[in-house]
Amino acid sequence: QLTVLAAVACARAVECQTGLKPAIKWPNDLLFGQRKFGGILLELSAELDHIRHVVLGVGLDVNVASSDLPASLRGVATSLRSELGRPVDRPALAAALIRELDIAYGQLDSGGFTALADEWEARCTTLGQRVVVRMGVRELLGTAESLDDDGALRVRTEHGRLERVVGGDVTLAAAG
């Protein structure tokens, strides 16, 4: 749920500061079209009955010029500056991100995960797509259907079984 919350907060902050509407690729990538401009990393330490701590890392390519990207990344990476056509005020974006994280956490804390999940799904490029999920040595092929109540991805396999995916590398499956 915290990764979903963070992705929604990042998208809201970017939209608020730039007017651009970012998409989300499950679980933690922020995109414009098929090009990534940001990502989220969540580290969690927990016991069976409580969370000890959570560390949230957010990386956004803000004012990187397209010409500064290595040629090999130009087709898959972008920045807010490249998309907007002008530099972005980083301190204002950081303040907006902290504000949106606080608002989204308040929603989650008051039982509002469903509304966050709905907003996440509206921005998600993964749902409805045939995907390959790589989880270590295991590979799962199917159609990304939805999020569950914990924020895990539900993937319908080619054999009709609904798999719950809590982590892994998700890519779109080749057509055919």
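The values are calculated or read from the model by the stated rules, or taken from the named source; none is laboratory data. Worth saying up front: this structure is predicted, and the values here are computed from it rather than measured. As a convention, Cβ positions derive from the backbone with ideal geometry for all residues, glycine included, and neighbour counts pool all protein chains shown. Quick note on the areas: whole protein, heavy atoms, side chains included, nothing else; ligands and nucleic acids left out. Shrake-Rupley method; radii C 1.70, N 1.55, O 1.52, S 1.80 Å.
Here is the figure for the range 88-120: residues that are open to solvent by 50 Å² or more (accessible area, probe 1.4 Å), at pLDDT below 95 and outside any helix (DSSP H, G or I) total 2.
Among residues belonging to the range 1-14 that are in contact with a helix residue (DSSP H, G or I) (Cβ under 9 Å, 6 or more places away or on another chain) and of a type outside the set (G, A, S), point out the one that is nearest to R74 (Cα to Cα). The selected residue is V14. Taking the criterion of being touching a Cys at 6+ places or on another chain (Cβ under 9 Å) and of a type in the set (V, I, T), the residues of the range 1-46 that qualify are I24, I40. Checking each residue in the range 30-48 for being touching a residue at least 24 places away in the same chain (Cβ under 8 Å) and among the polar types (S, T, N, Q) picks out only Q34. Do you know which residues across the range 128-168 are closer than 23 Å to G112 by Cα, assigned to a loop (DSSP other than H, G, I, E, B), open to solvent by less than 50 Å² (accessible area, probe 1.4 Å) and touching a residue at least 24 places away in the same chain (Cβ under 8 Å)? If the condition is that a residue be closer than 23 Å to G112 by Cα, assigned to a loop (DSSP other than H, G, I, E, B), open to solvent by less than 50 Å² (accessible area, probe 1.4 Å) and touching a residue at least 24 places away in the same chain (Cβ under 8 Å), then G151, G167 are the ones that fit. With respect to (1) in a loop (DSSP other than H, G, I, E, B); (2) open to solvent by 80 Å² or more (accessible area, probe 1.4 Å); (3) not basic (K, R), the lone exception for V64 is condition (2).
Here is a yes/no grid of residues against (1) among the polar types (S, T, N, Q); (2) in contact with a strand residue (DSSP E or B) (Cβ under 8 Å, 6 or more places away or on another chain); (3) closer than 21 Å to D149 by Cβ:
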site	(1), (2), (3)
Q34	yes, no, no
I51	no, yes, yes
G57	no, yes, no
V62	no, no, no
S67	yes, no, no
L73	no, no, no
S79	yes, yes, no
D118	no, no, yes
C124	no, yes, yes
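Of the strands (runs of 3 or more DSSP E) lying entirely inside the range 1-49, those carrying at least 3 residues that are more than 8 Å from the chain's Cα centre (by Cα) and not acidic (D, E) are 35-46.
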